[in-house]
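A.B. asks: Before I ask anything, let me first share the structure, which is written out below as structure tokens.
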Amino acid sequence: MKNNCLALYMLVKRNVKLFLKDKMTVFFSLLAPIIILILYILFLGNIQADTVHGIIEEFGQNIDDKLIMGFINNWMIAGVMGVSCITVAFNACTIMVRDRERGTVNDVLAAPVKRSVIYLSYIISCFVITFVICFMVLLFSMIYLACTGGMMMSFKDFMAIFGVTILSIICSSVFAVLFSSFIKTEAALGSICGILSAAIGFLTGAYMPLSVFPETIQYLVCFIPGTYSAGLFRNYFLHGPMNILLEQLPEDLVRQLMGNYSVEMKFFGNTISAGWMVLALVVSIVLFASILAILYSRKKTNMFLLKHKKRKKKQA
């Protein structure tokens, strides 16, 4: 037991060091949130602010522009956090795919270490890398909100956001390792990460509210765990701004804003609470982890041995 724990620690340490040593990989891990921030600062922020202004004016109400920008800023940061947890986790799997592509994993498998320890090391290192980078994004987000006057959350909300970050990272890490097990080359993973970075921003409502998409797309995203992750971030980031808006605007107007900006998540037209969103993420974690356990416990579906078997066939 002691030897397995030591081996697990050394493997995780090695994976994290190799990832952080590659500066370009770290940069591309942060590329998705950077793109969202740039798009938002250049034009998305003003577009969303004008939309909120229009909704408020339809009700014959008026409100301070700073409060509207505070609402939009918190909504945008929630989207950034939701996207970061997913894209960084996939980029963190670069080490696992690289080890398979170069055959490095075969050397590790030859060592007197349990296979479960090796597999677990990739999952834990993916979690550690994603947590470190996402925590940096979260701190930067807090500074941005404080500088722009959008810091309206309580300490309880911040702790809830921190908890959602951890839960989202666990879900993303397990799924990323599962998905990356089928990827054979580092170049293929890089291409997939590029496509994912663009698509996930729309599917989780980071670029535009989910309410603007066709009904079919809104139903489709109900089956994507990242949607519930982003929904939880919006729920807690916008808790403070929503309370302030309720004090100054009619409840019907605030409810419309919550619906338009997906603060209240809907599952096939039915509004679901934060508790159900947490349950959706927990179920996803259990499901992905179970599939991983089945894949890596059977020799026929052991992803780390597929390439090794193909090489033997060629030699024969």
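The values are calculated or read from the model by the stated rules, or taken from the named source; none is laboratory data. The structure displayed is predicted, hence computed values, not measured ones. Note: ideal-geometry Cβ built from the backbone for every residue, glycine included; neighbour counts use all protein chains shown.
A.B. asks: Read through the list (1) touching a residue at least 60 places away in the same chain (Cβ under 8 Å); (2) buried (at least 24 other Cβ atoms within 10 Å of the Cβ); (3) out of contact with any Gly (no Cβ under 7 Å at 6 or more places or on another chain), then give the number of the only condition that Ile86 fails.
C.D. replies: (3)
A.B. asks: Need at least 2 residues that are at pLDDT below 90 and of a type in the set (A, V, I, L, M, F, W, C) per element, so show me which helices (runs of 4 or more DSSP H) inside the range 220-294 make the cut, counting only ones lying wholly within it. Write out each step before concluding.
C.D. replies: Working: elements: 225-237, 239-248, 251-260.
Fully inside the range 220-294 and qualifying: 239-248, 251-260.
A.B. asks: Going by the conditions given, is Thr25 farther than 30 Å from Cys93 by Cβ and either β-branched (Val, Ile, Thr) or in contact with an Asp or Glu (Cβ under 7 Å, 6 or more places away or on another chain) (or both)? Steps first, please.
C.D. replies: Values: farther than 30 Å from Cys93 by Cβ: no; either β-branched (Val, Ile, Thr) or in contact with an Asp or Glu (Cβ under 7 Å, 6 or more places away or on another chain) (or both): yes.
Taking the combined requirement at face value, the residue does not satisfy it.
A.B. asks: So if I check each of Lys184, Lys114, Lys156, which one is within 30 Å of Leu245 (Cβ to Cβ) and surrounded by fewer than 18 Cβ atoms within 10 Å (Cβ to Cβ)? Walk me through how you get there before you give the answer.
C.D. replies: Working: Lys184 fails: within 30 Å of Leu245 (Cβ to Cβ); Lys114 fails: within 30 Å of Leu245 (Cβ to Cβ).
It is Lys156.
A.B. asks: Still on this structure: Residues that are under 15 Å from the mean Cα position of the chain (by Cα), surrounded by fewer than 21 Cβ atoms within 10 Å (Cβ to Cβ) and within 24 Å of Phe162 (Cα to Cα): does the range 269-279 have at least one? So that I can check it myself, show each step before the final result.
C.D. replies: First, pick out the residues of the range 269-279 that are under 15 Å from the mean Cα position of the chain (by Cα): 277-278.
Keeping just the survivors that are surrounded by fewer than 21 Cβ atoms within 10 Å (Cβ to Cβ) gives 278.
Applying the additional criterion that residues be within 24 Å of Phe162 (Cα to Cα) yields 278.
Within the range 269-279, one or more residues are under 15 Å from the mean Cα position of the chain (by Cα), surrounded by fewer than 21 Cβ atoms within 10 Å (Cβ to Cβ) and within 24 Å of Phe162 (Cα to Cα).
A.B. asks: Right, here's the next one. So how many residues does the range 195-210 have that are more than 13 Å from Val83 (Cβ to Cβ), in contact (Cβ under 8 Å) with a residue 24 or more places away in the chain and either in a helix (DSSP H, G or I) or under 12 Å from the mean Cα position of the chain (by Cα) (or both)?
C.D. replies: 1
A.B. asks: Restricted to the range 20-49, and to residues that are charged (D, E, K, R) and exposed (fewer than 12 other Cβ atoms within 10 Å of the Cβ), which residue is nearest to Asp252 (Cα to Cα)?
C.D. replies: In this case the residue turns out to be Lys23.
A.B. asks: Sticking with this one: Determine whether Ile192 is under 22 Å from Val132 (Cα atoms), part of a helix (DSSP H, G or I), of a type outside the set (S, T, N, Q) and touching a residue at least 40 places away in the same chain (Cβ under 8 Å). Walk me through it before giving the result.
C.D. replies: Values: under 22 Å from Val132 (Cα atoms): no; part of a helix (DSSP H, G or I): yes; of a type outside the set (S, T, N, Q): yes; touching a residue at least 40 places away in the same chain (Cβ under 8 Å): yes.
No.
A.B. asks: Does the range 27-41 include one or more residues that are more than 17 Å from Val80 (Cα to Cα) and either touching a residue at least 24 places away in the same chain (Cβ under 8 Å) or of a type in the set (Lys, Arg) (or both)? Show your work before the answer.
C.D. replies: Filtering the range 27-41 down to residues more than 17 Å from Val80 (Cα to Cα) leaves none.
Taking every residue of the range 27-41 in turn, none turns out to be more than 17 Å from Val80 (Cα to Cα) and either touching a residue at least 24 places away in the same chain (Cβ under 8 Å) or of a type in the set (Lys, Arg) (or both).
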